[in-house]
Amino acid sequence: QVQLVESGGGLVQTGGSLRLSCAASGSIVRILTMGWYRQAPGKQRELVASVTNSGNTNYAEFVKGRFTISRDSANNTVYLQMNSLKPEDTAVYYCASQRPFAPMTSTYAYWGQGTQVTVSA
């Protein structure tokens with residue numbers, strides 16, 4: 001069982017920046033892929049970005065060039081640096097993790113409780 005705790009959300013003006021953190025309860029070295037999702041009111045949860053344990057990253061088109069995902073295996077933490085924020089980025093952001101040793105194609109098995117990001121116009 002992997003427990004994930006997000007932090008770093010808050011209220012920011014358009015064009016501002018936030019850095020989200022996701023602390024895992026144990027080692028993330030054997031977890032192939034971890035990611036960030038978001039869910040805005042009345043909308044489905046959507047993938048924002050993901051990162052593998054070899055450092056390969058994947059981004060949704062709507063955040064490319066503005067957001068950066070990274071992982072620190074020494075501290076069992078995944079980050080999401082968000083720059084040039086827009087009102088449409090307002091959502092609850094969730095950290096997600098595959099099971100340790102799970103293959104690349106496996107679904108995310110563990111989720112954090114979410115952190116609210118609000119971008120004012």
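Every number in this text was worked out from the coordinates using simple rules, so none of it is lab data. As the structure is a computational prediction, the values presented were derived from the model and not from experiment. Heads up, the Cβs are rebuilt from the backbone with ideal geometry, glycines too, and the neighbour counts pull from every protein chain shown.
Averaging over all projection directions, find the projected area of the Cα convex hull of the range 2-121 and quote it in nm² with one decimal place.
6.7
From Cα coordinates alone, what are the radius of gyration and Dmax values for the range 15-70 in angstrom?
Rg then Dmax for the range 15-70, in Å: 12.5, 36.
Give me the percent relative contact order of the range 44-121, please, defined on Cα pairs under 8 angstrom at least 6 residues apart.
Computed value for the range 44-121: 22 percent relative contact order.
Sequence-distant or interchain residues sharing an amide H contact under 5 Å with residue 71, placed H: which?
79
Determine, for each peptide in 22-31, 39-48, the mean count of other beta carbons within 10 angstrom over its residues, then list the peptides with the highest first.
On the way: 22-31: 17.5, 39-48: 12.1.
Those peptides, ordered most packed to least, come out 22-31, 39-48.
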